[in-house]
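The values are calculated or read from the model by the stated rules, or taken from the named source; none is laboratory data. This is a predicted model, so every value here is computed, not measured. We place every Cβ from the backbone using ideal geometry, glycine too, and count neighbours over all the protein chains shown.
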Amino acid sequence: MSDAATLRTPTPTPTSPPTSTATPWTISTEPVDSPDARALLREYYTEVADRYFTLHEDRLSTPQEIDEGVAEYPAADLAPPHGVLLVARRGGETAGCAGVRLLDARTAELKQMFVRPAARGLGGGGGLLMAAEAAAARLGAERIRLDTRLDLTEAIALYRRHGFVEIAPYHDDIYAEIFFEKRL
C-alpha cells in the first residue's frame, strides 16, 4: 500500500441498509505535530484513560491527567526514519490514526491505533491496520507487535480477526495486559 490509499466501504443511512455506494477512506502518513494528528492522539489518549478510570476508579480522567499522559507517551518516535503516523479520513473528515515504530531492525510496534466513535464499524480500523502492516514492512520489519488492555475488547477482536496471535510480554508497561504479534 502506498503512503496514501483509498478504501471503499458502504455508507449506511439511518433509514436504510447499506448500499453499494461507498464513502472513501483515505489513509496517509502525516507529521505527528500536525493539528489533525495532535487532536487524534489526544482523543485516543482521552478515550483509553477514561475507559481505564471508569473501570478502576468509577470516574473519568481530568484534563490535567490527559496532559500528563500525552506528555508521558510522546509520539515523536512515530516519525521517520524509524516510525510513521498514519491518519485516516472518511469522506475527507479526519477519522482515525495508527502509529508504527521500529523496536529493532526486524520488529515494528503498532501504537495509538484509534478510530473516532462516529466512524467505527465502517471499515476504517481494518484499513488502518493493513496500512500499518504495510508501513512496518516498508520500514524493513518482518513482524509487528502490539500491546493492549483486556478491557479494550473491540481492539483485541480486531487484532485477532487480522491474524495477530497472542505472545508473551515483550516489555513491562503497567497498563499492558495482553500482547500480540503478526508475521509480515
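Restricting attention to the stretch 85-115, report how many residues are among the β-branched types (Val, Ile, Thr), closer than 20 Å to residue 171 by Cβ and either modelled with pLDDT under 95 or touching a helix residue (DSSP H, G or I) at 6+ places or on another chain (Cβ under 6 Å) (or both). Before the answer, list the steps.
Let us first name the residues in the stretch 85-115 that are among the β-branched types (Val, Ile, Thr), namely 87, 94, 100, 107, 115.
Next, from what is left, pick out any that are closer than 20 Å to residue 171 by Cβ: 100, 107.
Checking the rest, the ones that are also either modelled with pLDDT under 95 or touching a helix residue (DSSP H, G or I) at 6+ places or on another chain (Cβ under 6 Å) (or both) come to 100.
Residues flagged as among the β-branched types (Val, Ile, Thr), closer than 20 Å to residue 171 by Cβ and either modelled with pLDDT under 95 or touching a helix residue (DSSP H, G or I) at 6+ places or on another chain (Cβ under 6 Å) (or both) within the stretch 85-115 amount to 1.
Since residue 77 meets every condition but one in (1) part of a helix (DSSP H, G or I); (2) within 24 Å of residue 157 (Cα to Cα), which condition does it not meet?
(2)
Would you mind finding the one in 154, 181 that is of a type outside the set (Ser, Thr, Tyr), in a helix (DSSP H, G or I) and in contact with a Lys or Arg (Cβ under 8 Å, 6 or more places away or on another chain)? Outline the logic, then answer.
Working: 181 fails: in a helix (DSSP H, G or I).
Answer to the selection: 154.
For residues that are under 20 Å from residue 25 (Cβ atoms) and in a helix (DSSP H, G or I), tally how many sit in the stretch 157-178. Show your work before the answer.
As a first pass, look at the stretch 157-178 and keep what is under 20 Å from residue 25 (Cβ atoms): 157-159, 161-162.
The next check asks that each one be in a helix (DSSP H, G or I); those that pass are 157-159, 161.
Count: 4.
Among the residues of the stretch 144-151, are any within 16 Å of residue 44 (Cβ to Cβ), of a type in the set (S, T, N, Q) and free of Cβ contacts under 8 Å to residues at least 60 places away in the same chain?
To start, the set of residues in the stretch 144-151 that are within 16 Å of residue 44 (Cβ to Cβ) comprises 146-149, 151.
With the extra rule that they be of a type in the set (S, T, N, Q), the set shrinks to 148.
Next, only the ones that are free of Cβ contacts under 8 Å to residues at least 60 places away in the same chain stay: 148.
Taking every residue of the stretch 144-151 in turn, at least one turns out to be within 16 Å of residue 44 (Cβ to Cβ), of a type in the set (S, T, N, Q) and free of Cβ contacts under 8 Å to residues at least 60 places away in the same chain.
Can you name the number of the only condition in (1) small (Gly, Ala, Ser); (2) crowded, with 21+ Cβ neighbours inside 10 Å; (3) under 19 Å from residue 25 (Cα atoms) that residue 92 fails?
(2)
Checking residue 179 against (1) closer than 24 Å to residue 35 by Cα; (2) at pLDDT 95 or above; (3) in contact with a Pro (Cβ under 8 Å, 6 or more places away or on another chain): exactly one of these is not met. Which one?
(1)
Residues are listed down the side, and each one gets a yes or a no for (1) aliphatic (A, V, I, L, M); (2) within 16 Å of residue 97 (Cα to Cα); (3) out of contact with any Leu (no Cβ under 6 Å at 6 or more places or on another chain):
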site	(1), (2), (3)
124	no, yes, yes
138	no, no, yes
155	yes, yes, yes
162	no, no, no
166	no, no, yes
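Looking at 150, 110, which is the one that is surrounded by 17 or more Cβ atoms within 10 Å (Cβ to Cβ) and out of contact with any Cys (no Cβ under 6 Å at 6 or more places or on another chain)?
Numbers: 150 fails: surrounded by 17 or more Cβ atoms within 10 Å (Cβ to Cβ).
Exactly one of 150, 110 is surrounded by 17 or more Cβ atoms within 10 Å (Cβ to Cβ) and out of contact with any Cys (no Cβ under 6 Å at 6 or more places or on another chain), namely 110.
In the stretch 81-108, which residue that is free of Cβ contacts under 8 Å to residues at least 40 places away in the same chain and among the charged types (D, E, K, R) is nearest to residue 124 (Cα to Cα)?
Here the residue is 93.
What are the residues in the stretch 21-38 that are part of a strand (DSSP E or B) and either surrounded by 15 or more Cβ atoms within 10 Å (Cβ to Cβ) or at pLDDT 95 or above (or both), if any?
We begin by selecting, within the stretch 21-38, every residue part of a strand (DSSP E or B); these are 22-29.
Result: 22, 23, 25, 26, 27, 28, 29.
Go through the stretch 109-136 and report how many residues are touching a residue at least 40 places away in the same chain (Cβ under 8 Å), of a type in the set (Gly, Ala, Ser) and either in contact with a strand residue (DSSP E or B) (Cβ under 6 Å, 6 or more places away or on another chain) or assigned to a strand (DSSP E or B) (or both).
Number satisfying all stated conditions: 7.
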